[in-house]
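The values are calculated or read from the model by the stated rules, or taken from the named source; none is laboratory data. None of these values were measured; they are calculated from a predicted model. Cβ placement follows ideal geometry from the backbone for every residue including glycine, while neighbour counts extend to all protein chains displayed.
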Amino acid sequence: MKQTEGVVTIVQEGRFQLSDDAGVSHLFILSHAASGEPQQLETLQRRQSRVRVRYRPARNVIGLIAEAIDLLEPAKSEDARQ
Amino acid sequence: MNVHPRSLDYDQSSLDRVIPNESELTAGVVIEPGRSYGFFTDTTVCIGCKACEVACKEWNNLPADNLGLTGESYDNTGALSANTWRHVSFIERSGAGGVRDNAQAPFQSGWLMMSDVCKHCHNAPCLEACPTGALFKTEFDTVVVQQDICNGCGYCVPACPFGVVDINTLDGKAHKCTLCYDRLKGGLEPACAKSCPTDSIQFGELSDLQQRAQTRLEQLHARGVTNAYLYGAPGGPGATGGLEHLNAFFLLTERPEIYNLPVAPTRPANRVAGSLAAGLAAVAGLTLLAFLLKE
């Protein structure tokens, strides 16, 4: 399975945009088989956490299916440090 | 040109914060919880630019789908779906005798264009069919799917008389237009209405929109467009079968089916009593038959 790293910049329902190190944005749809839930994405976006996303391509859609999201570093914001 | 007096307070090209109650400047309405909001789509001024489709996809982070050519004129999205919450229909209507007719009707381009969307029905059948309560009425009288509660059962899909709600097979949940619920909460006009260059899509308080639509209808009738009518306004076509009225209603100039809209949409709940009686009668009949065969 392919993987990429970056920061979650936009979240809408179970869809999120990940900006990678090159500044390229990728659109992901959280798979129904993923262990996370859509409401957890918002926290990742708010804390600007660095994550690794394992994904597979989607058929007939310009987007990728996120199968797993791993947190790579401690969160930066104040509420995350608490 | 009418400019809202508050606009003068924001003359910079880049702002360091969101404008409070921005919808007052862009749509002339202050968004407040407890009131009914919706869309009035005047199809006579739609130019088929698809700005609404793009704005919707951009704001809601929706992926492009249905890749390839549909083979249906300039339509590339095909229909409303889990990933397409605004769909601009292109209907070729050259002349009175169909697309091969050489004679054009006066003041008519030969194309009908309409930006279709979830109707946010007053008595929403999708909401009535939802067993988990994932579909709910917001404080703005709109209908939204809560993603954390939706279990993907799909009951809402056949319940919708307009074929709007759709299940995304990738995340297994139901999706449809939220009438930009997050934007409304932030005092912003929905993305599609804000991007519409001809004001074919108008956002506002429902009673105000219905009044505006009636005025526009009378104006069109006076100009000789006698076939214009409102679809989804109270008491009119589209607001049938117990739906009462649609929060997203349309001004059309052709029969509803030309725009791929149902002529007389109904709530499936209206048919529950009849269906239950038919089911019970069938069971009773089969039991009687089995009893007679046994004898």
Margin query: Condition first: within 17 Å of residue A:15 (Cβ to Cβ) and outside any loop (DSSP other than H, G, I, E, B). Now tell me which residues in the range B:52-80 satisfy that.
Written below: B:53, B:54, B:55, B:56, B:57, B:58, B:59, B:60, B:65
Margin query: Can you name every one of the strands (runs of 3 or more DSSP E) wholly within the range A:18-74 that holds 3 or more residues which are charged (D, E, K, R)?
Written below: A:50-57
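Quick check on my filter: what residues within the range A:17-28 are at the interface with chain B (Cβ under 7 Å from one of its Cβ atoms) and touching a residue at least 24 places away in the same chain (Cβ under 8 Å)? Break it down stepwise before answering.
Taking the range A:17-28 as the starting set, the residues that turn out to be at the interface with chain B (Cβ under 7 Å from one of its Cβ atoms) are A:17, A:27.
Result: A:27, single match.
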Next item on the list: For the range B:256-295, name all the residues that are outside any helix (DSSP H, G or I), under 38 Å from the mean Cα position of the chain (by Cα) and loosely packed, with under 13 Cβ neighbours inside 10 Å.
Entry: B:263, B:264
Next item on the list: Please indicate, with yes or no, whether at least one residue in the range A:47-57 is crowded, with 20+ Cβ neighbours inside 10 Å and within 15 Å of residue B:171 (Cα to Cα).
Entry: yes
Next item on the list: Starting from the range B:252-278, take each residue that is in contact (Cβ under 8 Å) with a residue 24 or more places away in the chain and list its partners that are in a helix (DSSP H, G or I) and surrounded by 11 or more Cβ atoms within 10 Å (Cβ to Cβ), counting only C-beta distances under 6 angstrom and pairs at least six apart or across chains.
Entry: B:252/B:43; B:263/B:256; B:267/B:125; B:268/B:125; B:268/B:159; B:269/B:128
Next item on the list: Working only within the range B:1-45, note down all residues that are touching a helix residue (DSSP H, G or I) at 6+ places or on another chain (Cβ under 6 Å), surrounded by 15 or more Cβ atoms within 10 Å (Cβ to Cβ) and farther than 30 Å from residue B:259 by Cα.
Entry: B:25, B:31
Note to self: I need every pair where a residue in the range B:192-215 that is in contact (Cβ under 8 Å) with a residue 60 or more places away in the chain has its Cβ under 6 Å from the Cβ of a residue that is among the β-branched types (Val, Ile, Thr) and part of a helix (DSSP H, G or I), sequence separation at least 6 or different chains.
What the structure shows: B:194/B:26; B:198/B:45; B:200/B:45
Next item on the list: Residue by residue through the range A:34-63, note down the ones that are among the basic types (Lys, Arg) and either within 22 Å of residue B:180 (Cα to Cα) or within 13 Å of chain B (Cβ to nearest Cβ) (or both).
Entry: A:46, A:56, A:59
Item checked: The lone exception for residue B:188 - which of (1) touching a helix residue (DSSP H, G or I) at 6+ places or on another chain (Cβ under 9 Å); (2) at pLDDT below 95; (3) closer than 25 Å to residue B:81 by Cα it fails -> (2)
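Checking the conditions here, which among B:171, B:208 is over 15 Å from the mean Cα position of the chain (by Cα), assigned by TED's automatic domain parsing to the domain that holds residue B:110 and at pLDDT 95 or above?
Values: B:171 fails: at pLDDT 95 or above.
After applying the criteria, what remains is B:208.
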Margin query: If residue B:188 meets every condition in (1) surrounded by fewer than 22 Cβ atoms within 10 Å (Cβ to Cβ); (2) farther than 26 Å from residue B:47 by Cα apart from one, which number is that one?
Written below: (2)
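When the residues of the range A:1-16 are narrowed to those that are surrounded by fewer than 17 Cβ atoms within 10 Å (Cβ to Cβ) and either within 11 Å of chain B (Cβ to nearest Cβ) or not in a strand (DSSP E or B) (or both), which ends up nearest to the chain's Cα centre (by Cα)?
Taking the range A:1-16 first, the residues surrounded by fewer than 17 Cβ atoms within 10 Å (Cβ to Cβ) are A:1-3, A:5, A:9.
Of the ones still in play, those that are also either within 11 Å of chain B (Cβ to nearest Cβ) or not in a strand (DSSP E or B) (or both) are A:1, A:9.
On the way: A:1: 15, A:9: 8 Å.
Residue satisfying both the conditions and the ranking: A:9.
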Next item on the list: Tell me, please, whether a residue that is within 14 Å of residue B:119 (Cβ to Cβ) and touching a helix residue (DSSP H, G or I) at 6+ places or on another chain (Cβ under 7 Å) can be found in the range B:206-220.
Entry: no
Next item on the list: Identify the single condition in (1) farther than 20 Å from residue B:92 by Cβ; (2) at pLDDT 95 or above; (3) outside any loop (DSSP other than H, G, I, E, B); (4) not aliphatic (A, V, I, L, M) that residue B:34 does not satisfy, given that it satisfies every other one.
Entry: (3)
Item checked: Given (1) within 11 Å of chain B (Cβ to nearest Cβ); (2) under 10 Å from the mean Cα position of the chain (by Cα), number of the condition residue A:31 does not satisfy -> (2)
Check: What helices (runs of 4 or more DSSP H), lying completely within the range B:108-189, carry at least 1 residues that are within 14 Å of chain A (Cβ to nearest Cβ)?
Finding: B:181-185
